[in-house]
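Attaching a single structure in structure tokens format; questions to follow.
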Amino acid sequence: MLRSRYEAVIVGGGHNGLVAAAYLARAGRRVLVLERLGHVGGLAVSARAFPGVDARLSRYSYLVSLLPSKVVADLGLKIALRRRRYASYTPVGETGLLVDNGDAARTAESFARVTGGDGELEAWRRFYGMTADVAERVAPTLLEPLADRAAMRNLVGEEAWRDLFERPVGEVVDERFADDTVRGVVLTDALIGTFADPSDPGLLANRCLLYHVIGDGTGDWNVPVGGMGAVSGALADAARAAGAEILTGAEVLAVDPSGEVAFRDADGEHAVTGERILANVPPAVLARLLGEAEPVPEGAQLKVNMVLSRLPRLRDPGVDPAAAFSGTFHINEGRDQLARAYAEASAGRIPSLPPAEVYCHSLTDPSILGPGLREAGAHTMTLFGLHMPARLFREDPAGAREAALRATLASMNAVLAEPVEDCLLRAPDGSPCLEAKTPVDLETEAGLPGGHIFHRDLSWPYGEPGRWGVETAFERVLLCGAGARRGGGVSGIPGHNAAMALLA
Ligand SMILES: Cc1cc2nc3c(=O)[nH]c(=O)nc-3n(C[C@H](O)[C@H](O)[C@H](O)COP(=O)(O)OP(=O)(O)OC[C@H]3O[C@@H](n4cnc5c(N)ncnc54)[C@H](O)[C@@H]3O)c2cc1C
């Protein structure tokens, strides 16, 4: 039985809405979460994507870095995040660059073989030493009121300020590294989910890089045991246990700045009032609900989910596929290849050699596979393709999806010893276990404007001192989702910060 008034009504039950609900309910506030879909989690969910195949795939997001340990501890979340033994592998002809977290000598040997000396590894260590230092300093501030620009500059120090916050990352990478492959590996973190030229003075790619290297003070990208659904499930449990009410199948139709929220569920249309409204939905959706003009963000990725009957063979005889695919496996993501793909997509064409990266969750955490699949040697494979902006898919969504998928699989096959299609598991109905999601698919099925995975372009983690970066033009309305300052990714940070702003 719903009440008519709540201290907080949360619009959307994504993981950030659940974080906000859990903090507020634990602080004794009456909280209602309204979620449009039949389940919570938003973009942090697991799904059995292929009928009759017992594999729970992280359908959208898949790795966790930005979720602070403090949030996990505060909310008593029962989740496990597992570090990957191998950070990355990048095929280069008949060899490849392996970054092995557990064997520094092997990493050094791989750098020497691929780049022809020690210089690139030294430059790599200097660069990531700098980002590790920034991570340690900046990560704790993400759960505090905003610092201003000058305070952030003081905090990170002059070298990091210049190279991460002021100069285009493309320029910095070209200066610090000489090898095209190494440059590309560094640049991918600046381009994931972000359609940008890393040399652009607008520094959008710098902001993307920053959020990819500071997560929880280490920047590690860890595997959520049980898949992303386990993270959202633990958050929903924490929110409910603290007394939050979560209503699924409840689509919010309108939000009034006075605090009234109109929604529709299976029983009809209703209204509730919140002293505060926390919007977990993207800013463009909030604008529509408020009756305002909608900004139009643009996402730029192709997500492909696969189940394999076995791992594909590599062209490089020196590396076990189980090592290569357990970290981030870079496909045609050299610096020049990234630049070419960006230019082609900017000109309205699907890149001829799409840059992408894949990883196999089940190599680090087999628990997402049923026992039969595990025993048979099956694996999940997640592909994230870059530079596939929504504009390419507007005119002919299905045809363009097919063309983008074909080009992406060809790009992958160009660096393997056999076509990945030969390794796809077949579902009981004979169909291959493969699904592809374009930005337009995400807009349609996940309600994500432009298919932008961060709800809108990422912003710097500093601002007006004392504010939380969740404020809107209306006093009673706060953002609590990825579109807030310091939002983006699976982090719970904007959910935490909106709760703190309300409690302050
Ligand atoms: C393909 C893909 C891969 C990604 N990979 C990663 C990754 O590996 N690691 C990472 O950290 N991040 C990743 N991200 C980004 C990350 O998933 C998101 O930034 C994050 O999950 C956003 O969480 P949120 O709770 O703020 O919003 P969302 O998860 O978008 O939740 C918003 C919720 O609001 C609901 N809603 C919308 N409209 C209404 C309405 N009118 N009424 C009621 N409810 C409504 C939606 O159904 C949804 O549940 C990825 C995203 C995508 C799409």
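Being farther than 15 Å from residue 492 by Cβ and within 13 Å of the ligand (Cβ to nearest atom) is the filter here; which residues of segment 50-62 pass it?
Hits for segment 50-62 are 57, 58, 59, 60, 62.
Assess whether residue 61 counts as being open to solvent by 40 Å² or more (accessible area, probe 1.4 Å) and under 20 Å from the mean Cα position of the chain (by Cα).
no
Of all residues in segment 318-332, which are more than 12 Å from the ligand (Cβ to nearest atom) and either in contact (Cβ under 8 Å) with a residue 12 or more places away in the chain or hydroxyl-bearing (Ser, Thr, Tyr) (or both)?
Residues satisfying the conditions are 318, 319, 322, 323, 324, 325, 326, 327, 329, 330, 331, 332.
Residue by residue, here is whether (1) open to solvent by less than 40 Å² (accessible area, probe 1.4 Å); (2) touching a Phe, Trp or Tyr at 6+ places or on another chain (Cβ under 6 Å); (3) among the small types (Gly, Ala, Ser); (4) at pLDDT 95 or above holds:
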residue	(1), (2), (3), (4)
278	yes, no, no, yes
294	no, no, no, no
302	yes, no, no, yes
306	yes, no, no, yes
310	no, no, no, yes
316	yes, no, no, yes
319	yes, no, no, yes
345	yes, no, yes, yes
349	no, no, no, yes
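A quick yes/no check of all residues on (1) in contact with a Leu (Cβ under 7 Å, 6 or more places away or on another chain); (2) more than 26 Å from residue 230 (Cα to Cα); (3) of a type in the set (Ser, Thr, Tyr); (4) buried (at least 17 other Cβ atoms within 10 Å of the Cβ):
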| residue | (1), (2), (3), (4) |
| --- | --- |
| 73 | no, no, no, no |
| 88 | no, no, yes, yes |
| 101 | no, no, no, no |
| 112 | no, yes, no, no |
| 134 | yes, yes, no, yes |
| 148 | no, yes, no, no |
| 159 | no, yes, no, no |
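Now for a different question. Kindly list the number of the only condition in (1) under 29 Å from residue 383 (Cβ atoms); (2) in contact (Cβ under 8 Å) with a residue 40 or more places away in the chain; (3) within 16 Å of the ligand (Cβ to nearest atom) that fails for residue 428.
Result: residue 428 passes all but (3).
Test residue 24 against the criterion of being out of contact with any Ser or Thr (no Cβ under 8 Å at 6 or more places or on another chain), within 16 Å of the ligand (Cβ to nearest atom) and either among the charged types (D, E, K, R) or over 23 Å from residue 501 (Cβ atoms) (or both), and give yes or no.
Against the criterion (out of contact with any Ser or Thr (no Cβ under 8 Å at 6 or more places or on another chain), within 16 Å of the ligand (Cβ to nearest atom) and either among the charged types (D, E, K, R) or over 23 Å from residue 501 (Cβ atoms) (or both)), residue 24 does not qualify.
Report yes if residue 65 is in contact with an Asp or Glu (Cβ under 8 Å, 6 or more places away or on another chain) and within 30 Å of residue 494 (Cα to Cα), otherwise no.
yes
Could you say which residue among 489, 469, 451, 463 is open to solvent by less than 30 Å² (accessible area, probe 1.4 Å), within 30 Å of residue 138 (Cα to Cα), touching a residue at least 24 places away in the same chain (Cβ under 8 Å) and more than 16 Å from the ligand (Cβ to nearest atom)?
Only one candidate qualifies: 463.
From 349, 310, 335, 315, which residue is away from the ligand (no atom under 16 Å from the Cβ), within 29 Å of residue 422 (Cα to Cα), touching a helix residue (DSSP H, G or I) at 6+ places or on another chain (Cβ under 6 Å) and not acidic (Asp, Glu)?
Answer to the selection: 310.
Follow-up question, since we're still on this one. Return only the number of the condition from (1) within 6 Å of the ligand (Cβ to nearest atom); (2) open to solvent by less than 30 Å² (accessible area, probe 1.4 Å); (3) not hydroxyl-bearing (Ser, Thr, Tyr) that residue 8 does not satisfy.
(1)
(1) assigned to a helix (DSSP H, G or I); (2) surrounded by 14 or more Cβ atoms within 10 Å (Cβ to Cβ): which one isn't true of residue 122, the others all being true?
(2)
In this structure, is residue 388 touching a residue at least 12 places away in the same chain (Cβ under 8 Å), within 21 Å of the chain's Cα centre (by Cα) and within 20 Å of residue 57 (Cα to Cα)?
Spelling it out, it is not the case that residue 388 is touching a residue at least 12 places away in the same chain (Cβ under 8 Å), within 21 Å of the chain's Cα centre (by Cα) and within 20 Å of residue 57 (Cα to Cα).
Of everything in segment 257-276 that's more than 14 Å from the ligand (Cβ to nearest atom) and among the acidic types (Asp, Glu), which residue is most open to solvent (accessible area, probe 1.4 Å)?
Top of the filtered list is 267.
Yes or no: segment 399-417 includes at least one residue that is open to solvent by 20 Å² or more (accessible area, probe 1.4 Å), within 16 Å of the ligand (Cβ to nearest atom), farther than 30 Å from residue 317 by Cβ and in contact with a strand residue (DSSP E or B) (Cβ under 7 Å, 6 or more places away or on another chain).
Yes, because at least one residue in segment 399-417 is open to solvent by 20 Å² or more (accessible area, probe 1.4 Å), within 16 Å of the ligand (Cβ to nearest atom), farther than 30 Å from residue 317 by Cβ and in contact with a strand residue (DSSP E or B) (Cβ under 7 Å, 6 or more places away or on another chain).
Right, residue 456: in a loop (DSSP other than H, G, I, E, B), open to solvent by 30 Å² or more (accessible area, probe 1.4 Å) and within 12 Å of the ligand (Cβ to nearest atom) or not?
For residue 456, the condition - in a loop (DSSP other than H, G, I, E, B), open to solvent by 30 Å² or more (accessible area, probe 1.4 Å) and within 12 Å of the ligand (Cβ to nearest atom) - is met.
Conditions first: (1) buried (at least 23 other Cβ atoms within 10 Å of the Cβ); (2) under 18 Å from residue 71 (Cα atoms). Residue 500 passes all but one, so which condition is the exception?
Here residue 500 meets the rest and fails (1).
Only one of 45, 71 is closer than 30 Å to residue 374 by Cβ and within 15 Å of the ligand (Cβ to nearest atom); which?
Only one candidate passes the filter, namely 45.
Looking only at helices (runs of 4 or more DSSP H) that fall completely inside segment 135-212, which ones have 1 or more residues that are within 27 Å of residue 455 (Cβ to Cβ) and under 19 Å from the mean Cα position of the chain (by Cα)?
180-191
Exactly one condition in (1) open to solvent by less than 10 Å² (accessible area, probe 1.4 Å); (2) within 15 Å of residue 492 (Cβ to Cβ); (3) within 12 Å of the ligand (Cβ to nearest atom) is false for residue 239; which is it?
Every condition holds for residue 239 apart from (3).
Has segment 11-28 got at least one residue that is open to solvent by 60 Å² or more (accessible area, probe 1.4 Å) and closer than 30 Å to residue 323 by Cα?
no
So, one more: Based on this model, can you work out whether residue 251 counts as within 11 Å of the ligand (Cβ to nearest atom) and open to solvent by 40 Å² or more (accessible area, probe 1.4 Å)?
Yes: the conditions hold for residue 251.
The values are calculated or read from the model by the stated rules, or taken from the named source; none is laboratory data. All figures in this text were calculated on a predicted structure; none of them were measured in a lab. We place every Cβ from the backbone using ideal geometry, glycine too, and count neighbours over all the protein chains shown. To get the accessible areas, we keep the full protein, side chains included, count just its heavy atoms, and leave off ligands, DNA and RNA. Shrake-Rupley method; radii C 1.70, N 1.55, O 1.52, S 1.80 Å.
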